[in-house]
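Have a look at the structure below before the remarks.
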Amino acid sequence: METVKLTVPSNSLHAAQILTGFLTLKEQGWDVEVTDNSRDAGNPFYDLPVVLAQYRGQRIVYDLWDGYQDPEDMGKGLAQSDFYFKRSFSPEKNAALFPEEQGKMYPLGFNYHVTCKDNPIREPVWKAALKPLMRRTPDRYFVPEVFEAKAERKTGPVKILFLTQLWDDHDPTLSREANEERTFINETRSQILRTLKERYGDAFIGGLRDEALSRDRAPELIVPAELTERKKYLALMRSCDICIGSMGLHESIGWKTGEYVAAARAIVNERFRYRVTGDFAEGKNYLPFTGAEECVEAVRQLADSPEALFAMKRANEEYYRGFLKPEVLVKNTLETVDRVLEQRR
């Protein structure tokens, strides 16, 4: 079996999923060597959301950026790679920004914060020790199994979920365009929450995390803290049927959407700006929307059709097994390398 040599250049939580995948393959018998270089401030990818790998003599970069907000450092990764797997993947942006390198770029797929034993990307020991005192769950709890669920037919009333947060859109360290994007995200999320609450009442579980920005902008939308504590949130999410996702920063697909797929939920999501792997498709795995009214209409379609609801849950369970389960996601990238090398021969 070929050896895979990983280098972890930063402690970015964005990259925990990739390490989880590789370390799970190691448990399954793969020859995986991990070098933790995250404390070396002199390494060229220090504090950046990437993982580096060597496999079959090829240099691989896993890019976990939300979007294309750092083309200079992306270009550095492209210059030092033979294969470049990007979480937020756009053929149009690849062609515009990296015309000479786009041939080595491939979609990576959904990202969410999942971990495993011995993952070098982890919170400090002191922080993990303090979390239970704060009624919060340490990160080491969030292994793949706690996200996963089976698709099931609904026998009672449909439950709809959208718990979210607002972003500071008056940040002086950000560009005008970045702050305007945050304003758009905040307004979209708030409008969806108000509209779904009005239309579905107690069948809808939704609101904002209790924090200073929410208290200032929309205090009436704040939900109790126990709903947004991560462990309790995941249990609640697995008990709901239709889960709502909105666009993340830099037009990214939010981490919650990957969690919804892992839990085999039916998904109503703001239309994707980026491409994912496999056969994930509008109408089959999620219903898209571009505003609050379209969101509510998509929810209605699923809530009114038990068969469509179950079919989407089952499609997402199958997609998770084939493309998103951490070790499968990583294995698929290595199989892409194998396939391309074979074609070149």
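Scan region 123-136 and tell me whether some residue there is farther than 30 Å from Ser175 by Cβ and modelled with pLDDT of 95 or more.
no
Taking Leu52 as the residue in question, decide whether it is open to solvent by less than 20 Å² (accessible area, probe 1.4 Å) and either part of a loop (DSSP other than H, G, I, E, B) or in contact with a helix residue (DSSP H, G or I) (Cβ under 9 Å, 6 or more places away or on another chain) (or both).
no
Exactly one of (1) touching a residue at least 24 places away in the same chain (Cβ under 8 Å); (2) open to solvent by less than 20 Å² (accessible area, probe 1.4 Å); (3) closer than 19 Å to Val330 by Cβ is unmet by Ser90. Its number?
Answer for Ser90: the failing condition is (3).
Given (1) part of a helix (DSSP H, G or I); (2) surrounded by 14 or more Cβ atoms within 10 Å (Cβ to Cβ); (3) out of contact with any Asp or Glu (no Cβ under 7 Å at 6 or more places or on another chain), where does Leu25 come up short, assuming only one miss?
With respect to (1) part of a helix (DSSP H, G or I); (2) surrounded by 14 or more Cβ atoms within 10 Å (Cβ to Cβ); (3) out of contact with any Asp or Glu (no Cβ under 7 Å at 6 or more places or on another chain), Leu25 is out only on (3).
Inspect region 204-218 for any residue being surrounded by 20 or more Cβ atoms within 10 Å (Cβ to Cβ) and within 17 Å of the chain's Cα centre (by Cα) and give the result as yes or no.
no
Conditions: (1) among the small types (Gly, Ala, Ser); (2) open to solvent by 60 Å² or more (accessible area, probe 1.4 Å); (3) closer than 20 Å to Thr24 by Cβ. Ala129 meets all but one. Number of the miss?
(3)
Of the residues in region 154-190, how many are touching a helix residue (DSSP H, G or I) at 6+ places or on another chain (Cβ under 8 Å) and charged (D, E, K, R)?
The number of residues fulfilling the criteria is 7.
Find the helices (runs of 4 or more DSSP H) located wholly in region 282-345 whose residues include 3 or more that are in contact with a strand residue (DSSP E or B) (Cβ under 9 Å, 6 or more places away or on another chain), aromatic (Phe, Trp, Tyr) and within 30 Å of Ala53 (Cα to Cα), and list them.
none
Exactly one condition in (1) assigned to a helix (DSSP H, G or I); (2) free of Cβ contacts under 8 Å to residues at least 60 places away in the same chain; (3) open to solvent by less than 10 Å² (accessible area, probe 1.4 Å) is false for Val268; which is it?
Evaluating Val268 over (1) assigned to a helix (DSSP H, G or I); (2) free of Cβ contacts under 8 Å to residues at least 60 places away in the same chain; (3) open to solvent by less than 10 Å² (accessible area, probe 1.4 Å) leaves (1) as the failure.
Can you tell me which condition Gly67 does not meet? The list is (1) open to solvent by 10 Å² or more (accessible area, probe 1.4 Å); (2) in contact with a His (Cβ under 9 Å, 6 or more places away or on another chain), and all the others hold.
The failed condition is (1).
Among the numbered conditions (1) under 22 Å from Ile267 (Cα atoms); (2) touching a helix residue (DSSP H, G or I) at 6+ places or on another chain (Cβ under 6 Å), tell me where Ser88 comes up short.
Unmet for Ser88, out of (1) under 22 Å from Ile267 (Cα atoms); (2) touching a helix residue (DSSP H, G or I) at 6+ places or on another chain (Cβ under 6 Å): (2).
The values are calculated or read from the model by the stated rules, or taken from the named source; none is laboratory data. Being a predicted model, the structure only gives us computed values, none of them experimental. All Cβ positions, glycine included, derive from the backbone under ideal geometry; neighbour counts span all protein chains shown. Remember, those area values only see protein heavy atoms, side chains included, never the ligands or the DNA or RNA. Shrake-Rupley method; radii C 1.70, N 1.55, O 1.52, S 1.80 Å.
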